[in-house]
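Enquirer: Before we start, here is the structure in question, set down as structure tokens.
The values are calculated or read from the model by the stated rules, or taken from the named source; none is laboratory data. This structure is a prediction, so every number in the text was calculated from the model and none was measured. All Cβ positions, even for glycine, are placed from backbone atoms using ideal geometry, and neighbour counts span all protein chains on display.
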Amino acid sequence: MAAERGRPGASPRPACLSKPFLKIVATGALLCGAALPSHSGSLQERLAPCLACHGESGRSETPEVPSLGGQPPSFLLIQLYVFRERQRIAEPMNELTKDLTDDDLRSFSDELAKLPAPVAAGPADPARMAMGAALSARHRCGFCHSPDFSGQNQIPRIAVQREDYLVKALREYSTQERRGYDPSMVEIARQLSEADILDLAYYLANWR
Ligand code: HEC
Ligand code: HEC
């Protein structure tokens, strides 16, 4: 590569392989994209405020703010889209997504999906876990959300989600305040009593 530097008539190089750049890159083994303070760097910067609320480690420590760790990328993408299009109304997400491009939505979702899934900590009450398991079996939650509740495609992970957020989400489906991109959850949540919602949220938040 060194021999090629500055050779007259060499085929045009991308701007990032200009001479000063080559001097900076000592080994010459780095690729443009990897070496430039571009995409991934600024993506991290743009996601920093998101993770301040949602939790850098994938687990949210903020009341009623969902953990994003382990969510399927297609689920994240659809939710960011419906926030932007105001088909799901939730402050502050409508405001935060309104100027994002489709490419932004995609790169944000792909990056957030790499966060590790939260793991349950601490003991859980076996009696309440049994009630939640029975409700989940009756309403076939695991049929769509997958048997370990880790989600699939556009269907979210609900295992070890924050309990307060699970309660909020299920209440909002039951009142149709949140409609979802398809009607499944509204139909299911309408059949749940307030006590069912509390038991299911406890069970899923403590899932292991
Ligand atoms: C000030 C806190 C805050 C910030 C900052 C924030 N969010 Fe959110 N986010 C929320 C809340 C609250 C909800 C849940 C709204 C609801 O109750 O429906 C949410 C929901 C979401 C969801 C849907 C998750 C699910 O399980 O339904 C995604 C995806 C998301 N946010 C991504 C982002 C991204 C990307 C950013 C940065 C551009 C961001 N958030 C910044 C508070 C925040
Ligand atoms: C027929 C398939 C199906 C079944 C059965 C189902 N879900 Fe869902 N669930 C979905 C889909 C699809 C979504 C995403 C909808 C949207 O866009 O809001 C969802 C979303 C959710 C959310 C919101 C999570 C988040 O991060 O925002 C919760 C909580 C939830 N489901 C809990 C349950 C529980 C509890 C049961 C059983 C009582 C259940 N689901 C049964 C398909 C299903």
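Enquirer: Determine whether segment 176-183 contains at least one residue that is part of a helix (DSSP H, G or I), out of contact with any Ser or Thr (no Cβ under 6 Å at 6 or more places or on another chain) and either within 14 Å of ligand 1 (Cβ to nearest atom) or polar (S, T, N, Q) (or both).
Expert: No, the conditions are met nowhere in segment 176-183.
Enquirer: Further question: Only helices (runs of 4 or more DSSP H) wholly contained in segment 66-168 count here; list those with 2 or more residues that are closer than 24 Å to LEU200 by Cα, free of Cβ contacts under 8 Å to residues at least 24 places away in the same chain and not assigned by TED's automatic domain parsing to the domain that holds CYS53.
Expert: Output list reads 126-139, 141-145.
Enquirer: I need the full set of residues from segment 174-187 which are near ligand 2 (Cβ under 9 Å from one of its atoms) and closer than 18 Å to GLU91 by Cβ, in order please.
Expert: If the condition is that a residue be near ligand 2 (Cβ under 9 Å from one of its atoms) and closer than 18 Å to GLU91 by Cβ, then ARG178, ARG179 are the ones that fit.
Enquirer: Criterion first (within 7 Å of ligand 2 (Cβ to nearest atom) and more than 28 Å from THR97 (Cα to Cα)) does LEU200 satisfy it?
Expert: yes
Enquirer: Look at GLY142 and say whether it is at pLDDT below 95 and either under 24 Å from PRO73 (Cα atoms) or more than 11 Å from ligand 1 (Cβ to nearest atom) (or both).
Expert: no
Enquirer: Let me ask you something else. For segment 96-152, give me each residue that is under 20 Å from the mean Cα position of the chain (by Cα) and basic (Lys, Arg).
Expert: Within segment 96-152, LYS98, ARG106, LYS114 qualify.
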